[in-house]
1. To the nearest 20 debye, what charge dipole does the chain have about its Cα centre, counting +1 at the Cβ of each Lys and Arg and -1 at the Cβ of each Asp and Glu?
2. Among the lysines, select those whose C-alpha is under 23 Å from the C-alpha of Lys281, and discard any that sit fewer than 8 residues away in the same chain.
3. Which longest uninterrupted range of the chain lacks any GluC sites (Glu not before Pro) assigned by DSSP to a loop state (not H, G, I, E or B) and surrounded by at most 16 other Cβ atoms within 10 Å?
4. Along region 45-53, what does the Karplus equation 6.51 cos²θ - 1.76 cosθ + 1.60 (θ = phi - 60°) give for ³J(HN,Hα), rounded to whole Hz, x for Gly and Pro?
5. Take the Cβ-Cβ distance between Ser318 and Ser55 as r, set R0 to 41 Å, and report the resulting FRET efficiency rounded to the nearest 0.05.
6. Given a 1.4 Å probe, how much area per residue of the chain is accessible, in Å²?
7. Considering only the other residues whose Cβ falls under 12 Å of the Cβ of Thr231, what net charge follows from Lys and Arg at +1 and Asp and Glu at -1?
8. Helix-only mean residue ellipticity at 222 nm, the chain, DSSP H runs n ≥ 4 weighted -39,500 (n - 2.57), per residue, nearest 500. What is it?
Amino acid sequence: MPSANIVDSTSAILQAYKLKVTEKLYGDAGIVDGSTLTSGLFYVFNGLIDKISFSQYDYKNFVVTATGSTTNFLTNKPQISNVYRTSTEYLYFLNDGIPGYLSYNFYGFNNSPIGSVSYSLSGHTTGATRVDISPNVIDTAYGLNLGGEFGDMFDTPFGSNYNISTSNYFTVGVTDLSGNTKSVLRTYILKDTGCKNVPVQIMFANQLGGYDSLMMFNPRETIDVTKTSLTKNPLTLNSGVYTDNFNNVFNDESEVINVQSVSTFKVISDALRDNEAIWLKELIKSPKVFIRLRNGMFYPITVTNLNYPVQQKRYSTSLIRLELTFTINDTGISF
């Protein structure tokens, strides 16, 4: 999953197929092949669209085409969301052969423009593409072009409200060679984790075939240990005499021959908006979930939340948060 590239092709998301129909003729010689019809090439992507949405499905809603104008990225994450300085954040999209650019625009307080850059999609005009929009990656690639301001300006930490006019943020979208918008414009509000919180990066497969991320905080670990023991005779032969101790140490009556341990972690999310709380149903249902380790690698986890009350602000006067529980078959994890 990790890559040093801003843009990567991700062929596993998109699959091509043809239909081949062969006529079977029965005669004196038995069954023989007749005419053959082979269809054109068709594509499917590794996504799951609910029944109601599929009743109005249009592939142009998910593919950059010459006639379409605002295709969606392969995510149901809210169009405006927060992203932390250390977050790993990806966007995925499908392209039907349209050359163009990834267009970034960066803003400071009071929506003041800081700068803009374009990244050519040369070599990534067909199939499925993954874009790394992690703040550290963008800052490394373009920080000098923005006068160094982008890397230094971040919003207030954990639990703060969303307010674009008092935040630093950037937008990203796909345009054609003439600068025409070809995708939904996504907005990311920049935040810092703060020195008092321990961040935990969650990465999970979403239902449209891409991977979404969520920064959570302050892991609390519980260890469950299973020990397998062998019962022993406490009496041993010592100088011709059976005794239950030797050199003032009593003999073992059982011996542990195997130890297995599982770590269960509880983490808590930042304050959520209503649409984020709805979106996170996908995290609870996701078949593939990972955490990012301190060394930058991703480790698979098992989310144990089997019940998720979808919270909304009208149900409570307190901030909406998700408490996630997951297990890891390794007690040496470092975040």
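The values are calculated or read from the model by the stated rules, or taken from the named source; none is laboratory data. Computed from a predicted structure; not experimentally measured. Neighbour counts run over all protein chains shown; Cβ positions are idealised from the backbone, glycine included. These accessible areas exclude ligands, DNA and RNA; they are computed on the full protein's heavy atoms, side chains included. Shrake-Rupley method; radii C 1.70, N 1.55, O 1.52, S 1.80 Å.
1. Working: 25 positive and 28 negative charges, 128 e Å.
I would put it at about 620 debye.
2. Lys51, Lys77, Lys266, Lys313
3. On the way: sites that count: Glu149, Glu253.
Maximal segment without exposed cleavage sites: 1-148.
4. Rounded to whole hertz, the list is 10, 6, x, 10, 10, 5, 4, 5, 5.
5. Numbers: r = 38 Å, r/R0 = 0.91.
According to the calculation, E is roughly 0.65.
6. Details: 18710 Å² over 335 residues.
Heavy-atom SASA per residue in the chain reads 56 Å².
7. Details: positive: Lys232; negative: Asp252, Glu253, Glu255.
After counting each charged neighbour, the total is -2.
8. On the way: 4 runs with 23 residues, N = 335.
Estimated from H runs of four or more residues: -1500 deg cm²/dmol.
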